[in-house]
Amino acid sequence: MATIMHILMREKTVDQALSEVLRVVKPGGRIAVVEFHKKDEAPGPPFAWRLAPEELERIMTGHGLDRLGWIDVGPHNYLALFRCR
């Protein structure tokens with residue numbers, strides 16, 4: 001999922017979207033999420049929309065996923081990896 005979680009949160013459709021993702025990913029399967037760093041700079045969405053890795057982790061673990069880790073993928077983004085229980 002690339003730079004979409006902040007939009008799903010803003011539109012309040014994250015529960016529906018993650019339910020569908022979890023429906024098609026097998027237990028033990030991996031989900032990679034790319035998001036913008038929570039910095040007030042271009043490019044990317046407004047600062048208020050951005051998700052820090054800890055915020056993303058709370059969302060994903062709340063839907064039954066385990067965080068495996070995250071890494072920077074360039075100066076503007078990070079990738080977080082989760083496993084389905």
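All of the numbers you see were taken from the coordinates with simple rules; none came from a lab. All values reported here derive from a predicted model rather than from experimental measurement. Positions of Cβ are backbone-derived with ideal geometry, glycine not excepted, and every protein chain shown enters the neighbour counts.
Could you look through segment 1-29, keep only residues that are without any contact (Cβ under 8 Å) to a residue 12 or more places away in the chain and more than 19 Å from E55 (Cα to Cα), and pick out the one that is surrounded by the most Cβ atoms within 10 Å (Cβ to Cβ)?
Looking at residues that are without any contact (Cβ under 8 Å) to a residue 12 or more places away in the chain and more than 19 Å from E55 (Cα to Cα), I get E20.
Yes/no matrix, rows are residues, columns are (1) crowded, with 16+ Cβ neighbours inside 10 Å; (2) in a helix (DSSP H, G or I); (3) touching a residue at least 12 places away in the same chain (Cβ under 8 Å); (4) more than 12 Å from the chain's Cα centre (by Cα):
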position	(1), (2), (3), (4)
I31	yes, no, yes, no
E35	yes, no, yes, no
A48	no, yes, no, yes
M60	yes, yes, yes, no
H63	yes, no, yes, no
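Any idea which of D72, D15 is in contact with a strand residue (DSSP E or B) (Cβ under 8 Å, 6 or more places away or on another chain) and acidic (D, E)?
Exactly one residue qualifies, and that residue is D72.
Against the conditions (1) without any contact (Cβ under 8 Å) to a residue 24 or more places away in the chain; (2) within 12 Å of the chain's Cα centre (by Cα), where does I71 fall short? Just the number, please.
The one condition I71 does not meet is (2).
I'd like the full set of residues that are on the phi < 0 side of the Ramachandran plot and part of a loop (DSSP other than H, G, I, E, B), limited to segment 2-29.
Hits for segment 2-29 are I4, E11, T13, V25, K26, P27, G29.
Within segment 1-38, how many residues turn out to be touching a His at 6+ places or on another chain (Cβ under 8 Å) and of a type in the set (A, V, I, L, M, F, W, C)?
3
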